[in-house]
Amino acid sequence: MRFSQLLIPTLKEDPAEAEVISHKLLLRAGFIRKLTSGSYTYLPLGLAAIRKVEKIVRQEMNAAGAQELLMPMVQPADLWQESGRWQEYGKELLRFQDRHNRDFCLGPTHEEVITDLARKNIHSYKQLPVNLYQIQTKYRDEARPRFGLMRGREFIMKDGYSFDATDQGAEETYEKMKYAYHRIFTRCGLNFRAVEADSGAIGGSFSHEFMVLAETGEDTVVICKSCSYAANMEKAVCMPSSAATDVAPKEVEKIETPGKRKVAAVCDFLDITPNRLVKTLVYMVKDEPLAVLLRGDHEVEEVKLANLLGVSDEEIRLADDKEIFDATGTPSGYLGPIGLRIKSVADQEIAAMVNFAVGAGEKNFHLLNVNMGRDFSPTMSGDIRKVTAADRCVLCGGELKLTRGIEVGHIFKLGTKYSEALGATFLDDQGAEIPFIMGCYGIGVSRVVAAAIEQHHDKDGIKLPAAIAPVQALVLNLSPKDDEISRAALDIYQQLQQKDIEVILDDRDERPGIKFKDADLIGIPMRITVGKSFTKEGMIEVRNRASGDTLTMPLTEVVSTVADLLAAAIL
RNA sequence: CGGGGCGUAGCGCAGCCUGGUUAGCGCGCCUGCCUUGGGAGCAGGAGGCCGGAGGUUCGAAUCCUCUCGCCCCGACCA
């Protein structure tokens, strides 16, 4: 490929529409162009990078025993009505009608279609397990598309679905996929963590998100500095503190605290730190009020609270001031656990506290030296708060770090949710009719490219890992009008091609500076420069974009050197 | 969906508040000269219904109303 003939519209300045680095660089390097909010055209270089990721995904999925297929993107409403998601899915599902006024949607995911396929074509345990995947453009009518390829409405996704006869089989399949995902993201050159995610009703550790660690990530991830523990906020376990045993409980003392309602104001007034105070929040759980007791400096993690209560997180919400007063007879700000007439849940941390302050359950009063067990007993207790960087790792006791992550993959044990809803069953070896045990496994292919750029760039441009760079080598002919230089550049270009190394020859009639700048911007791993030093000394420069290492050598050594360096760079 | 910001040449922006000849600047683009190891220089040139509609006015890029689009924060989403 000749640079002069490729469409690589690089930009010298940052586009006004881009905020995050990957978005800016993808536009500047001529990888993508926006058509409309959330949809992008993949230009030749951008598409080539996506194809590289797809290739790795295919290799690893196939190696893990999965088979590729391709399902329709337009899906009939009936299937979604059968699963119940036509109502549940909300506005992200882009719906429309055909000429016969039949309802359809653009596929944001394919559980319904694949389950329909399975129920029609898989009938016996002898056919199981089956693991199917596709790589396809998905459409989600996102409320707010943002950050270029990071959160588009249209994006390329690998989605896979497994069907097993038994729970154990499904769990084995899950582990295989988890392993394959580790290989895929490692080969893509990403710094990532597989984090335990909330798996809602199914429970157990059967949902993992694969998070690329990057400041621009939309999710917060908790990772241990010492071991491999990693989890997202909804799932991250707080290790309980041990109770202080050397402090004697004191007498409860009632103090007037006029107008002091917020934690900060109360602590300030009482001259204590927030970790010596227990705040009492009120949640509405399916319209029932519930008091939630939490240390003053902690925050509720609603997903964990919902899980403890055995309800979905959509069924709980904070009560408003009126609901609080109606339920407790106390205005918000002075609520306390003593004398409460509604049920209560205490965060486990409170058990470790001695002589703490609480609201008195009476306007303008607080109590000091309160102790759980002696002065009140909550209905329930458990881990219901968000972890903080001050917490310790549940596995090894090491220090935790809160960091941001980009979700590039998600694996999930689905169980029988869809197979039951759609009546997708098979006969087991006893002749019994059983629903398939399913799993689903997604990878945001286009998002992987954006995430990789977030992790691999510098002030000059993109530094994609060789495994997913659009092409591997770029030969710069610095003087296209000089026959000797042009001949040498062409020679190297052709030799690299013969070795099956993807290469672009920059044969443009431009000044050297422009070629160097563009080379840095688009970030091809190996840059081979043929210029004056070749005519003068017979030397050619080979430069590694990622490391910046530069070697000078005679023409005869160039091709083998580049081949060796690339072989070392690609896993 | 709530809040904020922006739409003027391919890209980045000024002009708008305080209406007034042919609407500017930088980059890019085209032609020529020159230059050729880090986005050079000189000369000439093309390119805009100032997002759209309506209104106010003798006169609107500029003021008012509506509308469409894009971006950011939040909500939502996995």
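Looking only at segment A:537-571, count how many residues are of a type in the set (Lys, Arg) and closer than 19 Å to A:Ile468 by Cβ.
1
Identify, by number, the condition in (1) closer than 21 Å to A:Gly442 by Cα; (2) touching a residue at least 60 places away in the same chain (Cβ under 8 Å) that A:Glu82 doesn't meet.
(1)
Of (1) within 39 Å of the chain's Cα centre (by Cα); (2) assigned to a loop (DSSP other than H, G, I, E, B); (3) of a type outside the set (Lys, Arg), A:Leu400 satisfies all except one. Which?
Every listed condition holds for A:Leu400 apart from (2).
Return the only residue of A:Gly461, A:Gly423, A:Gly439, A:Gly431 being more than 30 Å from A:Ala568 (Cβ to Cβ), of a type outside the set (Ser, Thr, Tyr) and open to solvent by less than 30 Å² (accessible area, probe 1.4 Å).
Being more than 30 Å from A:Ala568 (Cβ to Cβ), of a type outside the set (Ser, Thr, Tyr) and open to solvent by less than 30 Å² (accessible area, probe 1.4 Å) holds for just one of A:Gly461, A:Gly423, A:Gly439, A:Gly431, which is A:Gly439.
Condition test on A:Gly409, is it open to solvent by less than 20 Å² (accessible area, probe 1.4 Å) and at positive phi?
Answer is no for this residue.
Spot the failing condition for A:Met211; the list is (1) under 29 Å from the mean Cα position of the chain (by Cα); (2) farther than 23 Å from A:Arg374 by Cβ; (3) open to solvent by 30 Å² or more (accessible area, probe 1.4 Å), and only one is missed.
It is condition (3) that A:Met211 fails.
Which is within 8 Å of RNA strand B (Cβ to nearest atom) and crowded, with 22+ Cβ neighbours inside 10 Å, of A:Arg527, A:Arg545?
A:Arg527
Out of everything in segment A:4-24 that is assigned to a helix (DSSP H, G or I) and open to solvent by less than 40 Å² (accessible area, probe 1.4 Å), what residue ends up being nearest to RNA strand B (Cβ to nearest atom)?
A:His23
Hey, A:Asp491 hits all of (1) over 41 Å from the mean Cα position of the chain (by Cα); (2) open to solvent by less than 30 Å² (accessible area, probe 1.4 Å); (3) of a type in the set (Asp, Glu) but one; which does it fall short on?
The single condition A:Asp491 does not satisfy is (2).
The values are calculated or read from the model by the stated rules, or taken from the named source; none is laboratory data. Source: prediction; values computed, not measured. As a convention, Cβ positions derive from the backbone with ideal geometry for all residues, glycine included, and neighbour counts pool all protein chains shown. Ligands, DNA and RNA are excluded from the accessible area calculation, which covers all protein heavy atoms including side chains. Shrake-Rupley method; radii C 1.70, N 1.55, O 1.52, S 1.80 Å.
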